[in-house]
Amino acid sequence: MNKILIPKTVPNKIPKTIGIPKGMLYYDYHILWENFFQNLGFEVKVSSDTNKKMINEGIMAAVDEACLPVKVFYGHVLDLASQVDYLFIPRIVSMVKKEYMCPKILGLPDMLRVSLVNPPPVIETTVNLRIKNNQIEQAIKEICSILQVPDYEGLKSWQAALQKQEQHERYLQSGHLPEGFPRVKDGFKIAVLGHAYNLYDAYINMNLLKKLHVLGAQVCTKEMVIPEEIEKFAGKLPKKIFWTFGKQLLGSGLYYLDDPEIKGMIFLASFGCGPDSMVGDLLERYARRGNQKPFMFITIDEHSGEAGLVTRLEAFMDLIQRRVS
Amino acid sequence: MKVTFPHMGHLSIVGKGLFDQLGVEVVVPPPITKKTLKLGIEHAQEFSCLPLKIILGNFIEAAELGADTIVTSGGVGPCRFGYYAQVHREILQDLGYHYEIIVVEPPDTHFSELIQKISYLSNGKSLFQVARALRMGWAKARAIDVIEQKVQQVRPREVRTGTADDVFQWSLKKIDAENEIKKIWEIQRKTLHELDGVPKDMEKTVLKIAVIGEIYTILEPFVTFDIEKHLGRLGVEVSRSIYLSEWINDHLFMGLMRVRSTKEAAQMASPYLRHFVGGHGRETVGSAVRYAREGYHGAIQLAPLTCMPEIVAQTILPVVSAEEEMPVMTIYFDEQSGEAGLVTRLEAFIEMLYRKNDFGKRRVQSERLFRN
């Protein structure tokens, strides 16, 4: 692990720029976060798309055993740190009652604090809705006091941002991929399940969605399943899954296994991902038991090669083509 | 009903003592061997953590001895351990083993769930008998830990290597066979006395190293190639960040007993790690702080590869090490780990500590260390 010195820049007279690293939970909540800060009159700066340099810097900064998304997140933070007045790295402990994020997300602000020297002020507000739902207000107030804006404005801006976020979620649920990803309407329906930070970061998954698109697959993701269905299918398990994303992956996975239109399932996990080692394994077992659908488990890390992925995807699509015809 | 449970250090002695008192038939899984590990690797997901694999091996081996009910512990996240039982259930089902699995964990919906599970296990025994069984389990767990703590002190100083361990093994057998609480206390007293009498080299300078990290890895010697014995042989007095009885007290008895609690360790983790991260991640960081302030010469973090809470702790430990001025080393274990590599790393770490602490005086010691 290396300590990384952030070069000091001349701070603006009125600190106005908020940096949001484009990694981890960004893909799930960026509409909410960006709108929230913009409504308050701040300028939001998002780090650029993941690139080779970021990954290399992330690998140097993080411990070897951390998973790829965490290393990539380090890279994004380093990319932003010297250009912004505040870094937004909240500690998201839980977004849903009785559920958790993964331990690495819980520890992210602490992990970054020990490797960055001289970073700009970090907004590392804790969000923990595991027990009480109203904790979110407290978190907003905390952010407001850091940014020195009145609480009521913060809450108002939050409500407006929340609407945008819900609107975006509804858009995805109606069968769309996020902006920038092509999707055909005809073709084999393939469920591609994975954490948003793996699935929608085209660099670290080596353009998986585009490759599938070219091979004639119509990609279905966990974001396209409405929450009620996810709850219903995840509820079939004897014990509730306590990771929010784990629950979503398993719930939508079971939903898609049940859907006759879905011809195959791909599970995308980063190497060493704790929840996925269990959720992915369970899903694979369920898929195999009924001998219902072809299932492929793709693991990515910083050593993944593109050629290997292409071969596997082609073989998978060939298999589906044969089964269907 | 033939009950089995996972191995974790000397847990089997405690579990057997408890279920014997309840009149429940127990099948203790065969001791963990390479074969156990192999069974686990074969059937579990490749990057699931090592305890999951070994425990799976335990269950398969126990099933072959006729066990039909698993009693294990769980949790509500975010550490993977909380979902072990469910994954084990599915794997065992696919393999064709028919197990009833009872998970003793914080209840999800209502407290009656837990009571129901306990009364099912207690086989219709009265509350008094259940309490007696719990006391028996506690007495055994505590006795083993008290004795082992003494063994950890004697090991580096004993004149003939292995004397303390012989005494320890003998006492474990005695404790395992005993079913009267008073007798267990007596064994504890006797063993401690015997350990006092082991010939020791009191002139020897001994390093004090804390073993911190993930509970299963710390407690189960199979995983770590019995790291404590290696350390003892290399002239190190060892203390663990968590002992089985402390875990039992924290989790099952709600801290009623007067033993060291991991809660203090968790509090000491701040400001380095300001939030709970699941498992024993925060306790690992806090223990490092605590041991550094108690004057320990170094700490070794042990964890299974891909363990999420320990990765967070590992990231933070270098800063703790620098601020609290105590060297810390992290060692991960998985099915690829080898004993020779481990010993080399330990020797290097210890050599470094000797030099760091007092080069001139202890040089003789370190030379003797390597002649052995």
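The values are calculated or read from the model by the stated rules, or taken from the named source; none is laboratory data. Since the structure is predicted, the reported quantities are computational estimates derived from the model, not experimental observations. Positions of Cβ are generated from backbone atoms using ideal geometry, with glycine treated the same way; all protein chains shown enter the neighbour counts. Calculation scope for accessible area: heavy atoms of the full protein, side chains included, ligands and nucleic acids excluded. Shrake-Rupley method; radii C 1.70, N 1.55, O 1.52, S 1.80 Å.
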Can you pull out the helices (runs of 4 or more DSSP H) entirely within region A:185-292 that have at least 1 residues that are within 14 Å of chain B (Cβ to nearest Cβ) and hydrophobic (A, V, I, L, M, F, W, C)?
-> A:227-234, A:244-258, A:274-289
B:LEU172 meets each of (1) touching a residue at least 40 places away in the same chain (Cβ under 8 Å); (2) part of a helix (DSSP H, G or I); (3) open to solvent by 20 Å² or more (accessible area, probe 1.4 Å) with one exception, condition (3)
In this structure, does B:LEU244 turn out to be more than 11 Å from chain A (Cβ to nearest Cβ), open to solvent by 10 Å² or more (accessible area, probe 1.4 Å) and closer than 24 Å to B:ILE54 by Cβ?
-> yes
When every residue in region A:293-308 that is touching a Leu at 6+ places or on another chain (Cβ under 7 Å) and of a type outside the set (Lys, Arg) is compared, the one nearest to the other protein chains (Cβ to nearest Cβ) is A:ASP301
Quickly run through region B:46-72 and pick out the residues that are in contact (Cβ under 8 Å) with a residue 12 or more places away in the chain and either on the phi > 0 side of the Ramachandran plot or within 13 Å of another protein chain (Cβ to nearest Cβ) (or both).
-> B:PHE47, B:SER48, B:CYS49, B:LEU50, B:PRO51, B:LEU52, B:LYS53, B:LEU56, B:GLY66, B:THR72
If we keep only residues of region A:132-177 that are in contact with a Cys (Cβ under 9 Å, 6 or more places away or on another chain) and not in a helix (DSSP H, G or I), then the residue most open to solvent (accessible area, probe 1.4 Å) is A:PRO150
Sole miss for B:PHE47 among (1) aromatic (Phe, Trp, Tyr); (2) open to solvent by 40 Å² or more (accessible area, probe 1.4 Å); (3) not in a helix (DSSP H, G or I) is condition (2)
Complete set of residues in region A:102-113 that are open to solvent by less than 10 Å² (accessible area, probe 1.4 Å) and within 7 Å of chain B (Cβ to nearest Cβ) | A:PRO103, A:LYS104, A:LEU106, A:GLY107, A:ASP110, A:MET111
The one condition B:PHE222 fails out of (1) touching a residue at least 12 places away in the same chain (Cβ under 8 Å); (2) closer than 27 Å to B:LYS263 by Cβ; (3) surrounded by fewer than 21 Cβ atoms within 10 Å (Cβ to Cβ) is (2)
Selection status of B:TYR291, open to solvent by 10 Å² or more (accessible area, probe 1.4 Å) and aromatic (Phe, Trp, Tyr) | no
Condition met for A:MET95 (within 14 Å of chain B (Cβ to nearest Cβ), crowded, with 18+ Cβ neighbours inside 10 Å and at positive phi) | no
Out of (1) part of a helix (DSSP H, G or I); (2) touching a Lys or Arg at 6+ places or on another chain (Cβ under 6 Å); (3) of a type outside the set (Ser, Thr, Tyr); (4) farther than 29 Å from B:ILE147 by Cα, the one B:GLY66 does not meet is (1)
Which listed residue, of A:LEU5, A:LEU80, is buried (at least 23 other Cβ atoms within 10 Å of the Cβ), over 21 Å from A:GLU169 (Cα atoms) and either in contact with a strand residue (DSSP E or B) (Cβ under 8 Å, 6 or more places away or on another chain) or away from chain B (no Cβ under 14 Å) (or both) = A:LEU80
Show the residue pairs that are 6+ apart or on different chains and have beta-carbon atoms under 7 Å apart, the first residue being within region A:262-279 and open to solvent by 10 Å² or more (accessible area, probe 1.4 Å), the second being among the hydroxyl-bearing types (Ser, Thr, Tyr).
-> A:PHE271/A:THR299
Tell me, please, whether a residue that is open to solvent by less than 10 Å² (accessible area, probe 1.4 Å) and in contact (Cβ under 8 Å) with a residue 60 or more places away in the chain can be found in region B:258-272.
-> no
Scope region B:309-332; condition open to solvent by 20 Å² or more (accessible area, probe 1.4 Å) and facing chain A (nearest Cβ under 7 Å); matching residues | B:GLN314, B:PRO318, B:VAL319, B:TYR332
State the number of residues belonging to region B:109-132 that are part of a helix (DSSP H, G or I) and under 27 Å from A:PRO238 (Cβ atoms).
-> 12
Could you please let me know if A:LEU250 is farther than 30 Å from B:VAL312 by Cα and either open to solvent by 10 Å² or more (accessible area, probe 1.4 Å) or within 19 Å of the chain's Cα centre (by Cα) (or both)?
-> no
Please find, among B:GLY77, B:GLY82, the residue that is modelled with pLDDT under 85, at the interface with another protein chain (Cβ under 8 Å from one of its Cβ atoms) and crowded, with 19+ Cβ neighbours inside 10 Å.
-> B:GLY77
Those residues that are closer than 20 Å to B:LEU95 by Cβ and surrounded by fewer than 21 Cβ atoms within 10 Å (Cβ to Cβ), I need them from region B:9-38; list them, please.
-> B:VAL27, B:PRO30, B:THR33, B:LYS34, B:LYS35, B:LEU37, B:LYS38
Filter region B:181-194 for residues that are open to solvent by 90 Å² or more (accessible area, probe 1.4 Å) and among the charged types (D, E, K, R); which is nearest to B:GLN21 (Cα to Cα)?
-> B:LYS182
Do we find a residue being of a type outside the set (D, E, K, R), in contact with a strand residue (DSSP E or B) (Cβ under 9 Å, 6 or more places away or on another chain) and in a helix (DSSP H, G or I) anywhere in region B:178-189?
-> no
